[in-house]
1. Restricting attention to strands (runs of 3 or more DSSP E) lying wholly within the stretch 279-375, give those where 3 or more residues are out of contact with any Leu (no Cβ under 8 Å at 6 or more places or on another chain), over 14 Å from MET221 (Cα atoms) and open to solvent by 30 Å² or more (accessible area, probe 1.4 Å).
2. Considering (1) modelled with pLDDT of 95 or more; (2) within 16 Å of the ligand (Cβ to nearest atom), say which one ALA394 fails and leave the rest.
3. What residue, of GLY76, GLY80, GLY90, is away from the ligand (no atom under 13 Å from the Cβ) and touching a residue at least 40 places away in the same chain (Cβ under 8 Å)?
4. Scan the stretch 381-406 for residues that are loosely packed, with under 14 Cβ neighbours inside 10 Å and free of Cβ contacts under 8 Å to residues at least 12 places away in the same chain and jot them down.
5. Checking CYS200 against (1) modelled with pLDDT under 95; (2) surrounded by 20 or more Cβ atoms within 10 Å (Cβ to Cβ), which single condition isn't satisfied?
6. Does LEU177 qualify as being assigned to a loop (DSSP other than H, G, I, E, B) and either buried (at least 16 other Cβ atoms within 10 Å of the Cβ) or within 16 Å of the ligand (Cβ to nearest atom) (or both)?
7. If you take the residues of the stretch 119-146 that are β-branched (Val, Ile, Thr) and not in a loop (DSSP other than H, G, I, E, B), which of them is nearest to the ligand (Cβ to nearest atom)?
8. Looking only at the stretch 64-89, which residues are open to solvent by less than 10 Å² (accessible area, probe 1.4 Å) and within 13 Å of GLY435 (Cα to Cα)?
Amino acid sequence: MVDWTAVDHALAGIESDRDRATCQRLSLDYAHFSPILWPQLQDRAADRVLYPRTEADLLAIARVCVQEQIPLTVRGAATGNYGQCTPLQGGILVDLTAFDQIVWQRGSRLRVQAGAKLAAIDRAIRPSGWELRWAPSTYRTATIGGFFAGGSGGIGSITYGQLRDRGNLLGAKVLTLEAEPRFVELQGEAAQAINHAYGCTGLITELEIPLAPAYDWQECMVNFPSWSAALSFAQAIAEADGLIKKMACVLADPIPSFCKAIKDACHVGETAVLLLLSESSQEVAEAIASDMGGRISWQRSPQDQPLTTLIEQSWNHTTLHARSTDPAWTYLQMLLPLGQEAALIDAFQSRWGDSVLWHLELLRSHGQVRVAALPLVRFEGRDRLQQLTDELTAAGAILFDPHTYCLEDGGMKQIDIQQLTFKEQIDPQGLFNPGKMRAWAEKYGDRSAVT
Ligand SMILES: Cc1cc2nc3c(=O)[nH]c(=O)nc-3n(C[C@H](O)[C@H](O)[C@H](O)COP(=O)(O)OP(=O)(O)OC[C@H]3O[C@@H](n4cnc5c(N)ncnc54)[C@H](O)[C@@H]3O)c2cc1C
C-alpha cells in the first residue's frame with residue numbers, strides 16, 4: 001500500500017494534479033476508437049500526475065517510485081490509440097511536455113527533448129533546410145517522445161519507411177528505475193530498446209534522429225470513378241522514384257463524405273487520392289493522373305502554410321472523422337499481401353459489402369512499395385470482428401491489432417528480446433507502464449525480476 005501523503009511530501013517541489021477526475025482525464029487517450037479496448041480502460045487512472053521541469057525533478061520522481069514500488073507511466077500528448085499512456089495499475093503519470101527544447105542540430109542529425117511537439121520541431125528547424133522525416137496525422141499535437149514510444153509511422157513513411165526501420169533512430173537518453181535511478185545514453189542499434197516500447201523500457205528524455213531535406217510540399221486531391229483505378233494511381237505515384245512524395249492516401253467511396261474538409265470536392269461514388277508532393281513533382285503527377293483517368297479536385301500550394309488539411313484526413317484521422325459521423329465505425333490495421341492488394345479488396349468487398357470501407361496508405365517497407373490498409377469496420381460485435389480478422393489473415397494480410405493494449409499483440413507482432421533484456425536491466429521491479437508488455441508478464445507475471 002503506497003503512503004501517498006509521504007509521496008506528496010517527498011515530491012512537494014514538483015507541480016502535480018491529485019484529484020481523481022483530473023488524473024483520470026489525463027490518463028486516457030483515443031482508445032475509445034475501439035469498442036473492445038474502451039470498456040477495459042475507461043475507468044483506469046493514475047493516482048498522481050506530475051509535471052517535472054528538470055532532470056533533478058525526474059530523478060526525484062524515479063527514486064520515490066523505486067522506493068515505494070509505484071508504477072510510472074509517461075504522457076506525451078495522449079493521442080495514442082490503444083491506451084498506451086493509460087496506467088493500468090495506477091501510480092504516477094509523468095507529463096513530459098516541459099521537456100520541449102531542441103538540444104542541438106548538426107546538419108541532418110537532430111537531438112531533441114522528448115516532450116517537444118512535432119510541428120514545433122519542424123517550425124524550428126525548417127529555416128536550416130531540414131525537416132522531420134515523418135509525421136503522424138496528429139502532427140500538430142503529438143510529441144516526438146510519444147511518437148517513437150507509441151506510434152509507428154505515417155506521413156513520410158512512403159519514402160522513409162516506419163519508425164522501427166533501421167536508420168530511423170540514432171540515439172536516446174533514458175531515465176532508469178534501477179535501485180539508484182540514473183540517465184543512460186543509448187547509441188545506434190542499442191536505441192531500438194526504446195523504439196515502440198510504450199515507455200515500458202524507460203522514460204525517454206532526449207532522442208537523436210536523422211532529418212530529411214525540407215521541400216515545398218503541395219497538397220493535392222485526385223478523384224477517380226473507382227477504387228481500383230485510384231489504387232493503381234497511388235501505386236504509380238509511390239513507385240515513381242523520381243517523384244518526391246510524402247503521402248499517398250486512398251479513401252474509397254463513401255469515406256470522403258465523412259471528412260468535412262474535402263467532402264465538397266468529391267462527387268458521390270468517387271474515390272479520393274490525397275497526395276503530398278514536392279512542388280517540382282506536381283506537374284508529372286498531374287500528367288500521370290490525367291493518363292489514368294483522374295480528376296484533380298482540390299489543391300493547396302506551399303504558400304498556404306500550414307499544409308495540414310489533407311494530412312488531417314489521412315491515417316487515423318480518417319477513423320476519427322468516420323466516428324464523428326457515426327460512432328459505430330471502428331477500424332483494423334494491416335499490410336496487404338504484395339501484388340494481391342486489389343484482388344483482396346475485391347474479394348472482401350463482395351463478401352463484407354458496406355460494413356468494411358477501404359482506406360489505404362502507401363508506404364515503403366524493406367525496399368518495396370507496400371499498401372497498408374486501415375479499413376473502417378462497422379462494429380457488429382467482437383465475434384464478427386474476429387471473423388473478419390481471421391479471414392483477412394487467411395487471405396495473406398498481416399494484421400496489427402488496434403484492439404489490444406498489449407505491445408506484442410499490436411504492432412510489434414512478437415516478443416522483442418532486446419527490449420525485454422534492457423527492461424530487466426533498467427527496470428528490475430517492472431514499474432514502467434506495467435501490464436503492457438507480454439514478454440514481461442509471461443516471464444514474471446505481476447512480479448519484479450528481483451527477489
Ligand atoms: C486521430 C489520430 C491519428 C493518428 N495518426 C497516427 C499516425 O499517422 N501515425 C502514428 O504512428 N500514430 C498515429 N496516431 C497515434 C498517435 O497520435 C501518435 O502515435 C503520436 O505520435 C503519439 O504521441 P503522443 O505525444 O500523443 O504520445 P502519448 O499518447 O502520450 O504516448 C504514447 C506512448 O508513448 C509513451 N511515451 C510518451 N512519451 C514518452 C517518453 N518520453 N518516454 C517513454 N515513453 C513515452 C506513453 O507512455 C505511451 O505508451 C494517431 C492517433 C489519433 C487519435
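The values are calculated or read from the model by the stated rules, or taken from the named source; none is laboratory data. If you're wondering where the values come from, they're calculated on a predicted model, not measured in any experiment. When we count neighbours, we look across all protein chains shown, and the Cβ atoms used for this are built from the backbone with ideal geometry, even at glycine. Just the protein is used for accessible areas: all its heavy atoms, side chains included, with ligands, DNA and RNA removed. Shrake-Rupley method; radii C 1.70, N 1.55, O 1.52, S 1.80 Å.
1. On the way: elements: 295-300, 329-331, 359-365, 368-373.
Output list is empty.
2. Result: ALA394 passes all but (2).
3. Details: GLY76 fails: away from the ligand (no atom under 13 Å from the Cβ); GLY80 fails: away from the ligand (no atom under 13 Å from the Cβ).
Only one candidate passes the filter, namely GLY90.
4. Applying the first criterion (loosely packed, with under 14 Cβ neighbours inside 10 Å) to the stretch 381-406 yields 381-383, 386-387, 390, 393-394.
Within the stretch 381-406, GLY381, ASP383, GLN386, GLN387, ASP390, THR393, ALA394 meet the criteria.
5. (1)
6. On the way: assigned to a loop (DSSP other than H, G, I, E, B): yes; either buried (at least 16 other Cβ atoms within 10 Å of the Cβ) or within 16 Å of the ligand (Cβ to nearest atom) (or both): yes.
Yes.
7. Quick first cut of the stretch 119-146, residues β-branched (Val, Ile, Thr) only: 121, 125, 138, 141, 143-144.
Narrowing further to those that are not in a loop (DSSP other than H, G, I, E, B): 121, 125, 143-144.
Working: ILE121: 12, ILE125: 18, THR143: 4, ILE144: 8 Å.
By that ranking, first place goes to THR143.
8. Those that are open to solvent by less than 10 Å² (accessible area, probe 1.4 Å) and within 13 Å of GLY435 (Cα to Cα): LEU72, THR73, GLY83, THR86, PRO87.
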